[in-house]
1. Taking the Cβ of residue 171 as the centre, find all other residues whose Cβ is under 15 Å away and add up their charges (Lys, Arg: +1; Asp, Glu: -1).
2. Need one value: the accessible area of residue 408 in square angstrom, 1.4 angstrom probe, rounded to the nearest 10.
3. How do 459, 139 stack up against each other in accessible area, from largest to smallest, with a 1.4 angstrom probe?
4. Could you give the alpha-carbon Rg of the stretch 122-185 over 2.2 N^0.38 Å, rounded to two decimals?
5. When the convex hull of the C-alpha atoms of the stretch 163-262 is computed, what volume per residue in Å³ does it have?
6. Quick one: accessible surface of residue 389, probe radius 1.4 Å, all protein chains present, in square angstrom to the nearest 10.
7. What are the DSSP H helices in the chain that stretch 15 Å or more along their long axis, judged by alpha-carbon atoms, and whose average Kyte-Doolittle hydropathy comes to at least -1.0?
8. Within 15 Å, Cβ to Cβ, of residue 264, how many net charges do the neighbouring residues add up to if Lys/Arg are +1 and Asp/Glu are -1?
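The values are calculated or read from the model by the stated rules, or taken from the named source; none is laboratory data. Since this is a predicted model, take the numbers as computed values, not measurements. Cβ placement follows ideal geometry from the backbone for every residue including glycine, while neighbour counts extend to all protein chains displayed. Keep in mind that these areas ignore ligands, DNA and RNA; they rest on the heavy atoms of the full protein, side chains included. Shrake-Rupley method; radii C 1.70, N 1.55, O 1.52, S 1.80 Å.
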Amino acid sequence: MDWNLRSVLLSTILVSVHAVEAKFDKSPPKIAVIGAGIGGASSAYYLRKLFGNDVSIDMYEPHHVGGRLATVKVGDEEFTSGGAVLHARNRYMAKFAEELGLKHKKTFPGTTRSALYTGQEFVFTTSTSSLLNLAKLLWRYGLDYFRLNKLIERTMTDFENIYTLQDAGNAYSSVEELLHAMGGTTFVNMTQISTKEGLEEEGFSTRFIDELAMAAIRKIYGQTVDVPFFAGATSLAGTQPGLWSVDGGNKRVPMELIKKTKVKLIPGVVTKVTLKNSKDQPKFLLQYRLKDPNDNQILTEQKEYDIVIVATPLHEGKSNITFTDFPTPLPQIRGRFHRTVETIVQGKLNAEYFGVSDPKNAPTNIMTVNANIPFNSIAIQTPVSIPSDYSPAGPESEDAVWKVASQRPLADSEIRQLFTVVKDRQVVDWLAYPHYTIPGHLGTFVLHDGLYYVNGIEWAASAMEMSVIGGRNVALLSYNWWYGLDAKVDPGKSTKTEL
């Protein structure tokens, strides 16, 4: 047997023996998870798997389970708001759907016609024929079409390393360490240059960058090709075929995970986390507010835990948790979140506004390539649950439902420009994604021993699968810390980069 392989096997056996011995010495911890979005739900799921049925898990969520995975009701149907689609190679989300008995939402191939809009005209449109679309892509963007496929394939192949690493029990203290474990210095460096720079280095044309890449990033993040290359590549992966969503809405994944995990869901707002003992074993006192169901009075209560998982962004406008009595300041949470407004409109698109004479020929997915346009994208929607007799409405229908994404609420006059008929309108105004800057900054998963932060991963890229990876990572950090499995944290630690 190869000596290196024997060493790895021996090390794994010793770590396993250590874990077994530690389990006999320590009782299961009491754990709090703050936030019931996909990051919090996946954290709880993996904590239960690691620590077993005896561990106590409380989850704090004052609003609705699912977080930024939500739906809005228009007429008699619900439509997606927030995280809408998943990549075919998002292994964790696919596994969750299978394990929870959730089906993929029905799609209607051949009904989507996409277009890139400058504010004056469409510079590129697709048809319902895949062969014709390929010819049009090659005609306008040449070899960039093949470069894109190669870039996404290379990136996804490296990305998938995380599944093997986490299956082995490895955990990472920072986003930089996690990215380095996945894709080496390439992934880390992709957070430090813009998408525009990265694509230029890869040989992409200015036309491709200014049109297709810009449109993809504006549709996903509401930003431009100035976002870091890693986040930009994530957006471009969303242009590939095979995207899917969950029947009934993607929010069903965190909802069903929380049920399966059997956590205690507490409808309270966490306001303070206090460190009680920083010597032998930290203890955390959570202070939270909730309504008394009997008289609607606001009650302030507190509860003690061994481990706390923060699965809500610690940024202005997102949460207001204070951390007290820690011997040293906690790591700084940098950056701010980007405002996103979704206007869900049931009505008839104004095809003439876009220079289309016959409404039946209007695109059903309009993406913009100009940051000065007041909206990022307009796309026709289907309900989260498709009735058996459902037939998708075309762009000429007054019953079609559209999602208009923008950076600010649109004025009535702007809506009237875009639609000749408005039968219903719902507005979701929220801080949905990080506001990405160059150079990028990568945060930490470890705020203190026993205190972990899921949402740091969003500063590499914000996506459902990324949140699950962050959730599993903090669960592994918790487990490895609790049982003293130091060798499983930051194995093969990378050389630090100035961020």
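1. -2
2. 100
3. 139, 459
4. 1.68
5. 152
6. We get 130 Å² for residue 389.
7. Going by DSSP H runs, the hits are 3-25, 38-51, 130-141, 144-159, 464-482.
8. +1
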